Amino acid sequence: MMAHIQQLTDPPPDPVAVERSRRRSETWARVKKNKWAYLFIAPFYVMFTIFGLFPLLFSLVLSFHEWDGIRPLRFVGLENFQFLLGEGGTLFWESMRNSLSIIVFYVPIMTVLALIIAALLNDPRVRGFRIYRALIFAPFVTSMIVAGYVFQMLLGQEGLFNTLLSALGLGTVPWLDTPFHARLSLVLLIIWGDLGYNVVIMLSGLQQIPADLQEAAFIDGATGLQAFLQVTIPLMRPVILFSMIFSVVGAFALFNEVVALGRGPLRSNVTPLVTIYDTAFSSGEFGRAAAQSYVYFLAIFVLTILQFRLVGRDNT
Amino acid sequence: MKKWSLRVLLLTLMLVPFASVSAQDEPTDIVYNFFDECPTDATGALDIWLGSGLWDAIIAEFQAECPGLAITFASRSGDDNITGLQLALSAGEGGCDVCNIEVKDFGQFVDSGALLDLTDRVAPFRDLIPADAWQYVTGSDGKIYGIPVDVGPVVMYYRRDVFELAGLPSDPDSVSEMVATWQDYLSVCQTIKANTGLFCFPLSRADNDARIYEMILWSQGLGYYNSAGELAVNSPENVAALELMGEFWTDELVADTSSWTDEWYAGFSSFDEPVASIVIAGWMELFLPTWIAPDTAGLWGVARMPGGGEASPRAALDGGSALFIPAHSATADAAWAFIENTVLADDVMLAFRTDPTRGGVLPAITSVYADPSMVRPLAFFGEQNTTALYLEVYQNVPAVRIWGPDYTAINDVIRTAIQRFALGEATAEEALTAAQSELAEVVR
């Protein structure tokens, strides 16, 4: 009787809370139902949390601290960022400028070359095109450390390149001995290394373009070059944009190539990643290195947005 | 079938003499038996990170005598070793119990608070090692955190044949006298160039690693800091040292090759176009005969390095290593027992110098230098007894501040300054002044 009276005097349940509880039960039921599926995908998320998310957040914390990697963290507020924006940031900004000048050489050459080679390999009339595709992709799966050291030997003062040039009576080139040539050598190495990947990307884009569009252009009297420039290139814009973004980010993120080929005279080949590594592991300034990482991320982000705006206006 | 069997048998018999000759030629490693019994009662896991060579044998022997210890040995060196040490010390667990590091990099860790204070333990051994070697393993609190293992006193290796071809005396005493100062060395190089057309030594412009520059400074008692302990990389003396180095380039006396590259090695091993000399540490004695220039036996001599003048020490260090025990080590006593009975033990360190296949480095403890086995004329160096020279240099090394907590950052900035100067982008004064400004910001 008392219980019945109690029930009558209780306020009615909150419909929002009831709904929330119902959803929670449903979600939990779904999780239980698909527990094996979740278990199978869990390793990725565990790994990502440990090796991706945690370092990301920890480096953000670090960027506001002074830390030599051993002693306890000391909070310094925005000091590391102020340092980076002041005189102390010389090395970092120098490395950003290095990357930009590498990009100026590298991205246009790489994009045009990849597009031309992809167009050639897309033509089934080219004999043995499958072999060429495999060959051109091979450098991409080669260790850049190994390739870097091999290039260093080839481009040395008495390396194969200069020996050949001398034999042809063209004199020698100081491939690694002036800032300009050292940068050019680095560009050569990364074009050699990444061309295959970009060709494959371009090739997949070319294969998505319906053949009848080009045929229509030919019927309207367009030449092969005109059809390529007026039909193929505009349709390839999203793919070209992707390839360019990949190349720009790749040029900023060069590390193995620089370590193997050398940092270059007057640090001409030092990229932001190399500076960040040196700041952390050679100078023991993990806080400053973390601040550099975030500024570096921001720079890449802004550049990518700019690229989207400039190149991908209509097609992205 | 019988014919074939006979042929195989005959062929095998023919090859037997060659096999036995090659077996005889193969040098056999000496077995030392350094330890009569285990020097410690400690038990547990002992992780040792050291170089390779003789250490493999020593650690195997130590393990055999100390079954209570589970020793894990990892041969580590270079940047990977430093990164590994940073991570281990940062984590406060794991890593090594006996850790090895180049002396020039010790400053990065010495004040970290992560190394075991060894001051009391090393007290009985202080006199075995010169004061200068101790300074690099001593913290700003005056406590000792490491034990020097080997040292790299800088000398000048030179090709006797090139000096003779240039019409210069080639015996070590005369050469030492001839290159008393860096200015004298410049004159000798000019003579060599004029009379033979050969380069005096390798010195890269674009890839300069600042090592020769640091040796020029060090040999004159100069460094990167002034007497008040302030950073002064652009002092008038330092500027003068860089200008002096520039004269070797201006007069085209040096080969423009990067250190530790094939072209660099070729300069030492060549018979047609050899470089005449190289100012470098004593460990080069191990590298020249074994893998850099083994065919040039008998052509080399070793002389004192140049200095700054009459009162100049004509001595510097380059390389060398030290051991430390992390403060978090659970088997610190066993680690110390290992160190005490190896790097502070005469017989072990003597072997590091004299072992025919695995020796060659110069021990930090000077007690071994009086041992008769250290007097060993080396055929590769024209029967010269080089040990006496190394000891003379080692005991005269001036206490200058080049290595220290910020050495990596300073070296990085200075090498860029030298490259700017060498490539004609700045005068010596401009380059070093810019370096000073940069370092004032970078170094805390």
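The values are calculated or read from the model by the stated rules, or taken from the named source; none is laboratory data. On a predicted model such as this, the values are computed, not experimentally measured, just so you know. Every residue, glycine as well, gets a Cβ built from its backbone with ideal geometry; the counts of neighbours run over all protein chains shown. All accessible areas refer to the heavy atoms of the entire protein, side chains included, with ligands and DNA or RNA removed. Shrake-Rupley method; radii C 1.70, N 1.55, O 1.52, S 1.80 Å.
Based solely on its DSSP helices, what 222 nm [θ] is calculated for chain A when runs of n ≥ 4 H residues each add -39,500 (n - 2.57) and the sum is averaged over all residues, nearest 500 deg cm²/dmol? Write down the numbers at each step before the final one.
Values: 16 runs with 218 residues, N = 316.
Computed mean residue ellipticity for chain A: -22000 deg cm²/dmol.
Ignoring ligands, DNA and RNA, what percent of the 1.4 Å accessible area of the stretch A:15-80 is carbon and sulfur?
Numbers: 3920 of 5410 Å².
That fraction is 72 percent.
Mind pulling up the Rg/Rh value for the stretch A:45-84? Radius of gyration and Kirkwood radius, both on Cα.
On the way: Rg = 12.1 Å, Rh = 11.1 Å.
Reported Rg/Rh, Kirkwood definition of Rh: 1.08.
At 222 nm, what value in deg cm²/dmol follows for chain B if DSSP H runs of at least 4 each add -39500 (n - 2.57) and the sum is divided by all its residues, to the nearest 500?
Per the formula, -12500 deg cm²/dmol.
Using a 1.4 angstrom probe and counting only protein chains, how large is the accessible area of B:Asp333 in Å², to 10?
Roll a 1.4 Å probe over it and B:Asp333 shows about 100 Å².
Can you tell me what percent of all Cα-Cα pairs in chain A are more than 23 Å apart?
71
Computing the accessible area with a 1.4 Å probe over protein heavy atoms, can you report the carbon and sulfur percentage for chain B? Walk me through the numbers before you get to the answer.
Numbers: 9640 of 18500 Å².
For chain B, the apolar C and S fraction of the accessible surface comes to 52 percent.
Can you pull out the GluC sites (Glu not before Pro) in the stretch B:93-195 that DSSP calls coil and that have at most 12 other Cβ atoms within 10 Å?
Details: sites: B:Glu93, B:Glu102, B:Glu164, B:Glu177; in loops: B:Glu93.
Qualifying residues, ordered by number: B:Glu93.
Just to check I understand the Karplus step: with θ = phi - 60° and J = 6.51 cos²θ - 1.76 cosθ + 1.60, what whole-Hz values come out for the stretch B:294-300, glycine and proline as x?
x, 7, 9, 4, x, 8, 9
Using a cut-off of 11 Å between beta-carbons, work out the net charge of the residues near B:Ala335 (Lys and Arg +1, Asp and Glu -1, B:Ala335 not included). Can you show the working numbers first?
Working: positive: B:Arg121; negative: B:Asp47, B:Asp97, B:Asp333, B:Glu340.
Counting the neighbours of B:Ala335, the net charge comes to -3.
Compute the relative contact order of chain A as a whole-number percentage, counting only Cα pairs closer than 8 Å that sit 6 or more residues apart in sequence. It would help to have the intermediate numbers written out before the result.
Numbers: 315 pairs, mean separation 84.0, N = 316.
Value for chain A: 27 percent.
Taking the Cα centre of the protein assembly as shown as the origin, how large is its charge dipole in debye, to the nearest 20, when only Lys and Arg (+1) and Asp and Glu (-1) carry charge on their Cβ atoms? Mind showing how you got there, number by number?
Numbers: 44 positive and 82 negative charges, 840 e Å.
Result for the protein assembly as shown is approximately 4040 debye, rounded to the nearest 20.
DSSP loop (so not H, G, I, E, B), at most 16 other Cβ within 10 Å: list which GluC sites (Glu not before Pro) in the stretch B:237-319 pass both filters. List each step's numbers first, then the result.
Working: sites: B:Glu237, B:Glu243, B:Glu247, B:Glu252, B:Glu263, B:Glu285, B:Glu310; in loops: B:Glu252, B:Glu310.
Loop-located and lightly packed - B:Glu252, B:Glu310.
Taking DSSP loops as anything outside H, G, I, E and B, show the longest stretch in chain B free of chymotrypsin sites (Phe, Trp or Tyr not before Pro) there with at most 16 other beta carbons within 10 Å. Numbers along the way, then the final one.
Details: sites that count: B:Tyr32, B:Phe34, B:Trp260, B:Phe271.
Longest run free of exposed loop sites: B:35-259.
So which residues of the stretch B:191-231 lose at least 20 Å² of accessible area, probe 1.4 Å, when you go from the chain by itself to every protein chain present?
Those residues are B:Ala206.
With the other protein chains left in place, how much accessible area per residue, in square angstrom, belongs to the protein assembly as shown at a 1.4 angstrom probe?
Values: 37150 Å² over 760 residues.
Dividing the accessible area of the protein assembly as shown by its residue count gives 49 Å².
Along the charge dipole of chain B, pointing to its positive end and built from +1/-1 on Cβ of Lys, Arg, Asp and Glu, which listed residue (B:Gly360, B:Leu344, B:Gln220) has its Cα farthest out?
Checking the options against the dipole of chain B, the answer is B:Gly360.
Hey, got the dipole for chain B? About the Cα centre, +1 on K and R Cβ, -1 on D and E Cβ, debye to the nearest 20? Please report the intermediate quantities before stating the final value.
On the way: 22 positive and 62 negative charges, 192 e Å.
Using Cβ point charges on Lys, Arg, Asp and Glu, chain B gives about 920 debye.
Hey, can you grab everything whose amide H is under 5 Å from the amide H of B:Arg76? Only 5+ residues off in sequence or another chain; H modelled, so Pro and N-termini drop out.
For B:Arg76, whose amide H was placed from the backbone, the distant partners under 5 Å are B:Leu50, B:Gly51.
Take every Cα pair under 8 Å in chain B that's 6+ residues apart, average their separations, divide by the length, and report that relative contact order as a whole percent. Please list the in-between numbers first.
Working: 761 pairs, mean separation 107.8, N = 444.
Taking the mean separation of contacting Cα pairs over the length of chain B, I get 24 percent.
What Rg and what Dmax come out for the protein assembly as shown when only alpha-carbon atoms are used, in angstroms?
Rg then Dmax for the protein assembly as shown, in Å: 32.5, 125.
In Å² (nearest 100), what accessible area is buried between B and A, both sides summed, heavy protein atoms only, 1.4 Å probe? If you can, show how the numbers build up before the last one.
Working: alone 19690 and 19850 Å², together 37150 Å².
What B and A bury together is about 2400 Å².
In terms of the Cα gyration tensor, with a ≥ b ≥ c the square roots of its eigenvalues, is the stretch A:15-80 rounded because a/c is under 1.5, prolate because a/b exceeds b/c, or oblate? Please list the in-between numbers first.
On the way: a/c = 5.46, a/b = 2.08, b/c = 2.62.
It is oblate, given that a/c is not under 1.5 and a/b is not larger than b/c.
Based on Cβ point charges of +1 for Lys and Arg and -1 for Asp and Glu, what charge dipole magnitude is obtained for the stretch A:15-80 about its Cα centre, in debye rounded to the nearest 20? Can you show the working numbers first?
On the way: 10 positive and 5 negative charges, 149 e Å.
The calculated dipole for the stretch A:15-80 is roughly 720 debye.
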